[in-house]
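Colleague: Just passing along the structure, written as structure tokens.
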Amino acid sequence: MSWKNIISHERSKKILQKSILEKKVAGAYLFWGIEGIGKSAVAIEFAKTLNCQNPIVKENSISACDNCRSCKQFANLSHPNLHLIFSLPPAKNADSVDSAVSKLSDEQIELVREQILAKSQNIYHKISIPNATQIKISAIRELKRNLTMTSNILGWRVAIIFNAEEMTTEASNAFLKTLEEPHERTTIILISSKKEMLLQTIVSRCQQLYFEPIPDAIIENCLIEEYNISQAEAKIIANFAQGSINTAKEFLDSNISEYRDNIVEILRISLKNTYRTELSEKIEELINTKNKLFLENSLRLLQNWFRDCFILITTCSKERIINLDLLDRIIKFAELFPNADYLKIINEIENSIYLIRRNVNLQLIVFSLFLKIRLNLLSK
Ligand SMILES: [Zn+2]
């Protein structure tokens, strides 16, 4: 693992390296931006570089050697200077209401260990423990003790707080006090995709680094290189991922082109002369196949289809087409319905997705959506 293994975020990487080189490392940082783009990966690499015994310095860059004892401890996230704080499940021990690691059951501790191991093996792994939704005050107290401990350890202490917005009010107030008493050679990195939920007093004490969503083209290349999938499929997934590497990887496991072919087939049926019974059956099948997210994603794929039609008609260019592998079919479709109001259809699909999330009658929503699309396409 090194800086170059982390996709994108060149600006943040540069700022952090510069701060080490100029000995201006801040006492607290806030890394913010959407989920799943590598904020914690950057935080861990920064901590590793700060602690490396033989860092490689080249002009304006500094990287960890990945060979020294410290780097090896970082490779499995077991370095004594590294403190990882994340939400823990409520303790199972009956006499305790707290949730610091020391109060967890053996089984829960094993879960935590597994998560840290998974994170060390995949920098984009999202640490997630069942029923863990809060960072409690006990965790912050524990951190405080660890940071004030005098020790002979060399290097920098780095605490990384994952999903910092999950700190309870009590924990946030205790944490604020920790921020107010900075320790030497210590830096705390808050990570959050919901910055607005943090106490303003905490935010204002941190040096903020914004992490931008990763551009589709970069995600696309990463998927092609790492997973050996076709460019057509990578393009569809990258479009879905909305800037998040994690989401892209989740979609990799689902058979996205099959889902798309299925929803386009339903569209085809909805445009036939007699369609009601068949359409109704197909929709029922779609709804019952999997969960709501699957239904939502299928509609997104349909939305992409119409988006491609719209782009073809308005720009006459193939450059921004998502479903490149179906280009011939999309061209034919767009030629068949040149006067359709594609923006309206895209909007109707968006509305339906909104209704699906609100748990209204799914069959009814999807059926009436297809009727609206039919009407839009055939009446023009
Ligand atoms: Zn090293």
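Colleague: Six or more apart or on different chains, Cβ under 7 Å: which pairs go from a residue in segment 35-56 that's in the same structural domain as C71 (by TED's automatic domain parsing) to one that's among the basic types (K, R) and within 16 Å of the ligand (Cβ to nearest atom)? Could you list them?
Modeller: Note: pairs meeting the criteria are Q53/R69.
Colleague: Follow-up question, since we're still on this one. Within segment 270-293, which residues are touching a helix residue (DSSP H, G or I) at 6+ places or on another chain (Cβ under 8 Å) and more than 17 Å from S352 (Cβ to Cβ)?
Modeller: L271, K272, Y275, E278
Colleague: Tell me which residues, restricted to segment 58-77, are free of Cβ contacts under 8 Å to residues at least 40 places away in the same chain and either more than 15 Å from F46 (Cα to Cα) or touching a Lys or Arg at 6+ places or on another chain (Cβ under 7 Å) (or both). Spell out how you get there, then give the answer.
Modeller: Step one: list which residues in segment 58-77 are free of Cβ contacts under 8 Å to residues at least 40 places away in the same chain, which gives 58-59, 65, 67-69, 71-74.
Those that are free of Cβ contacts under 8 Å to residues at least 40 places away in the same chain and either more than 15 Å from F46 (Cα to Cα) or touching a Lys or Arg at 6+ places or on another chain (Cβ under 7 Å) (or both): K58, E59, N67, C68, R69, C71, F74.
Colleague: Look at I188 and say whether it is part of a strand (DSSP E or B) and of a type outside the set (K, R).
Modeller: Considered against the rule, which asks whether it is part of a strand (DSSP E or B) and of a type outside the set (K, R), I188 comes out as yes.
Colleague: Can you tell me which residues in segment 21-74 are away from the ligand (no atom under 13 Å from the Cβ), outside any loop (DSSP other than H, G, I, E, B) and surrounded by 18 or more Cβ atoms within 10 Å (Cβ to Cβ)?
Modeller: A28, Y29, L30, F31, W32, K39, S40, A41, V42, A43, I44, F46
Here's the yes/no breakdown for (1) in contact (Cβ under 8 Å) with a residue 12 or more places away in the chain; (2) of a type outside the set (A, V, I, L, M); (3) over 21 Å from K272 (Cβ atoms):
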{"residue": "S317", "(1), (2), (3)": "no, yes, yes"}
{"residue": "D325", "(1), (2), (3)": "yes, yes, yes"}
{"residue": "E350", "(1), (2), (3)": "yes, yes, yes"}
{"residue": "R357", "(1), (2), (3)": "yes, yes, yes"}
{"residue": "F367", "(1), (2), (3)": "yes, yes, no"}
{"residue": "S379", "(1), (2), (3)": "no, yes, no"}
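Colleague: I want to confirm something. Restricting to segment 87-101 and keeping residues that are buried (at least 17 other Cβ atoms within 10 Å of the Cβ) and touching an Asp or Glu at 6+ places or on another chain (Cβ under 8 Å), which single residue is modelled with the lowest pLDDT?
Modeller: By that ranking, first place goes to A100.
Colleague: Restricting to segment 323-380, name every residue that is of a type in the set (D, E, K, R) and surrounded by 12 or more Cβ atoms within 10 Å (Cβ to Cβ).
Modeller: Those that are of a type in the set (D, E, K, R) and surrounded by 12 or more Cβ atoms within 10 Å (Cβ to Cβ): D325, R329, D341, K344, E348, E350, K372, R374.
Colleague: Going by what's in this entry, would R320 be described as within 24 Å of E250 (Cα to Cα), part of a helix (DSSP H, G or I), basic (K, R) and within 25 Å of the chain's Cα centre (by Cα)? First the steps, then the outcome.
Modeller: Working: within 24 Å of E250 (Cα to Cα): yes; part of a helix (DSSP H, G or I): no; basic (K, R): yes; within 25 Å of the chain's Cα centre (by Cα): yes.
No; evaluated as a whole, the condition is false for this residue.
Colleague: Mind counting the residues in segment 225-237 that are under 23 Å from E35 (Cβ atoms) and free of Cβ contacts under 8 Å to residues at least 12 places away in the same chain? Walk me through how you get there before you give the answer.
Modeller: Here is the first cut: in segment 225-237, the residues under 23 Å from E35 (Cβ atoms) are 225-227, 229, 233-237.
Imposing the further condition that a residue be free of Cβ contacts under 8 Å to residues at least 12 places away in the same chain reduces the set to 225-226.
Final tally of qualifying residues: 2.
Colleague: Here's another thing I want to ask about it. Assess whether L176 counts as being assigned to a helix (DSSP H, G or I) and either out of contact with any Leu (no Cβ under 9 Å at 6 or more places or on another chain) or assigned by TED's automatic domain parsing to the domain that holds T49 (or both).
Modeller: Yes: the conditions hold for L176.
Colleague: For I266, all conditions in the list (1) touching a residue at least 60 places away in the same chain (Cβ under 8 Å); (2) part of a loop (DSSP other than H, G, I, E, B) hold save one; what is the number of the exception?
Modeller: Just one mismatch for I266, condition (2).
Colleague: Still on this model: Return yes when I311 is part of a loop (DSSP other than H, G, I, E, B) and closer than 26 Å to I219 by Cβ and no when it is not. Steps first, please.
Modeller: On the way: part of a loop (DSSP other than H, G, I, E, B): no; closer than 26 Å to I219 by Cβ: yes.
Here the answer is no, as I311 does not meet what is asked.
Colleague: Look at segment 344-365 and say how many of its residues are within 28 Å of the chain's Cα centre (by Cα) and part of a helix (DSSP H, G or I).
Modeller: Residues flagged as within 28 Å of the chain's Cα centre (by Cα) and part of a helix (DSSP H, G or I) within segment 344-365 amount to 13.
Colleague: Answer yes or no as to whether I218 is outside the structural domain of N361 (by TED's automatic domain parsing) and under 18 Å from the mean Cα position of the chain (by Cα). Talk me through it step by step, then tell me what you get.
Modeller: On the way: outside the structural domain of N361 (by TED's automatic domain parsing): yes; under 18 Å from the mean Cα position of the chain (by Cα): yes.
Spelling it out, I218 is indeed outside the structural domain of N361 (by TED's automatic domain parsing) and under 18 Å from the mean Cα position of the chain (by Cα).
Colleague: Oh, and also: When residues of segment 111-131 are filtered for being closer than 16 Å to K39 by Cα and basic (K, R), how many remain?
Modeller: Total satisfying the criteria: 2.
Colleague: Inspect all residues belonging to segment 357-379 and state whether any of them is modelled with pLDDT under 90 and touching a helix residue (DSSP H, G or I) at 6+ places or on another chain (Cβ under 7 Å).
Modeller: No, segment 357-379 contains no residue that is modelled with pLDDT under 90 and touching a helix residue (DSSP H, G or I) at 6+ places or on another chain (Cβ under 7 Å).
The values are calculated or read from the model by the stated rules, or taken from the named source; none is laboratory data. Please read all numbers here as calculations on a predicted model, not as lab measurements. For neighbour counting, all protein chains shown are included, and Cβ atoms are generated from backbone atoms with ideal geometry for every residue, glycine included.
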